[in-house]
Amino acid sequence: MGLLDSLAKQVLKRATITRVAPIAHHTYHLTLQGPDLANLNYKPGQTLNVFFDLSGPEAALRKRTYSIWQYDAKALTLELAVCTFSNGPGARWAQHCRPGDEVYFNGPGGKFVLDATAASYCLLGDVSTLSHLYALRRQIPQTKPVFSLVHVQSQDDCFPDLDGSYLLHFAVADQLSAPEVLAAVAAQGLRSATDCLYYIGGAQEFCVETYQLLRKQWQVPTAQLKAKPFWK
Ligand SMILES: Cc1cc2nc3c(=O)[nH]c(=O)nc-3n(C[C@H](O)[C@H](O)[C@H](O)COP(=O)(O)OP(=O)(O)OC[C@H]3O[C@@H](n4cnc5c(N)ncnc54)[C@H](O)[C@@H]3O)c2cc1C
């Protein structure tokens, strides 16, 4: 083990993987558990930085950011949904990790979190943002309108929230442009919503294009737009 890896293990927090389950064609549900998960200062929409392969043959300090799907401060558990579309180190880690494996992390962190003050919400993203959008969706009171669209390329990429519910709208298509996404949420009645807060996640290009359309064509004030690229 390299010096960097050894130092990392000393400063990072540690958890044990207690569950690894495929929940969709390209997604694994991972449960982390352990005493270092006590008293996390968690807000819905925050993420965890996961470090893995610290003792692996390549011994590179690999860090990937994953959305906290759910945090249970009593059970000291934390749920992640990790996608494999990228086929990169993070995807391979999710495919190959097993219950009993240790994982190092820091966080929670991030600002793509729920602002509870809006009158209505619009949640837009793809499969890699789905657990994040579910974590936000769960916290929005039932009295407030929620518009949504999650782009999936195939029906078997959809997975429900942890309680089995499907509270977001999916659109199955090979490609989906920003104008098409906005047309789909407009069809849900979005244009008549007042004080709507937009959360836009997913591929960087999609985030930029959607943000600009909403800003310039729909005249949405920047204060009501939250965009976070999950991948480039
Ligand atoms: C705030 C935030 C929250 C995130 N939350 C999650 C999460 O909950 N679950 C999750 O799976 N990922 C999440 N990500 C993305 C995650 O951090 C990794 O970037 C992703 O898993 C790819 O890592 P990798 O090592 O497998 O591939 P990398 O080596 O990083 O990438 C390999 C290639 O795959 C492409 N790629 C990456 N992601 C995708 C994708 N979704 N579809 C198609 N191509 C892709 C990249 O463009 C790159 O060319 C989040 C990112 C951010 C910034």
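Cβ separations smaller than 8 Å between residues 6+ apart or across chains give the following pairs from region 204-232 residues that are small (Gly, Ala, Ser) to residues that are within 11 Å of the ligand (Cβ to nearest atom) and outside any helix (DSSP H, G or I): ALA227/GLY201.
Do you know which of the residues in region 159-185 that are over 24 Å from LEU197 (Cβ atoms) and in contact (Cβ under 8 Å) with a residue 12 or more places away in the chain is surrounded by the fewest Cβ atoms within 10 Å (Cβ to Cβ)? My answer is ASP174. Would you please name the residue that is modelled with the lowest pLDDT, looking only at residues in region 48-97 that are within 8 Å of the ligand (Cβ to nearest atom), more than 13 Å from the chain's Cα centre (by Cα) and not in a helix (DSSP H, G or I)? Selected residue: ARG62.
Restricted to region 99-179, the set of strands (runs of 3 or more DSSP E) holding at least 1 residues that are more than 18 Å from the chain's Cα centre (by Cα) and farther than 30 Å from GLN10 by Cα comprises 120-126, 170-172. Against the numbered list (1) of a type in the set (Gly, Ala, Ser); (2) under 26 Å from ASN39 (Cα atoms); (3) within 16 Å of the ligand (Cβ to nearest atom), SER128 comes up short only at (2).
Of the set (1) in contact with a strand residue (DSSP E or B) (Cβ under 9 Å, 6 or more places away or on another chain); (2) in a helix (DSSP H, G or I); (3) not basic (Lys, Arg), all apply to GLN212 but (1).
Restricting ARG92, ARG98 to those that are under 17 Å from LEU30 (Cβ atoms), charged (D, E, K, R) and exposed (fewer than 13 other Cβ atoms within 10 Å of the Cβ) reduces the list to ARG98.
Selection of region 104-123 for residues being within 18 Å of THR47 (Cβ to Cβ) and more than 10 Å from the ligand (Cβ to nearest atom) yields TYR104, PHE105, ASN106, GLY107, PRO108, VAL113, LEU114, ASP115, LEU123.
If you scan region 76-89, which residues turn out to be in contact (Cβ under 8 Å) with a residue 40 or more places away in the chain and not hydrophobic (A, V, I, L, M, F, W, C)?
Of everything in region 76-89, those that are in contact (Cβ under 8 Å) with a residue 40 or more places away in the chain and not hydrophobic (A, V, I, L, M, F, W, C) turn out to be THR77, GLU79, THR84, SER86.
Counting the residues of region 172-213 that are touching a helix residue (DSSP H, G or I) at 6+ places or on another chain (Cβ under 7 Å), within 16 Å of the ligand (Cβ to nearest atom), of a type in the set (A, V, I, L, M, F, W, C) and farther than 19 Å from PRO145 by Cα gives 2.
Screening GLY202 against (1) modelled with pLDDT under 95; (2) closer than 25 Å to GLY88 by Cα leaves a single unmet condition, (1). PHE206 meets the conditions (1) touching a strand residue (DSSP E or B) at 6+ places or on another chain (Cβ under 6 Å); (2) within 30 Å of SER86 (Cα to Cα) in every case but one. The failed one is (1). Pairing residues of region 104-131 that are farther than 21 Å from PHE85 by Cα and of a type in the set (S, T, N, Q) with residues that are within 15 Å of the ligand (Cβ to nearest atom) and assigned to a strand (DSSP E or B), at Cβ distances under 8 Å and at least 6 apart in sequence or on separate chains, gives ASN106/LEU48; ASN106/ASN49; ASN106/PHE51.
The values are calculated or read from the model by the stated rules, or taken from the named source; none is laboratory data. Keep in mind that this is a model prediction, so the values were computed, not measured. Backbone-built Cβ (ideal geometry, glycine too); neighbour counts: all protein chains shown.
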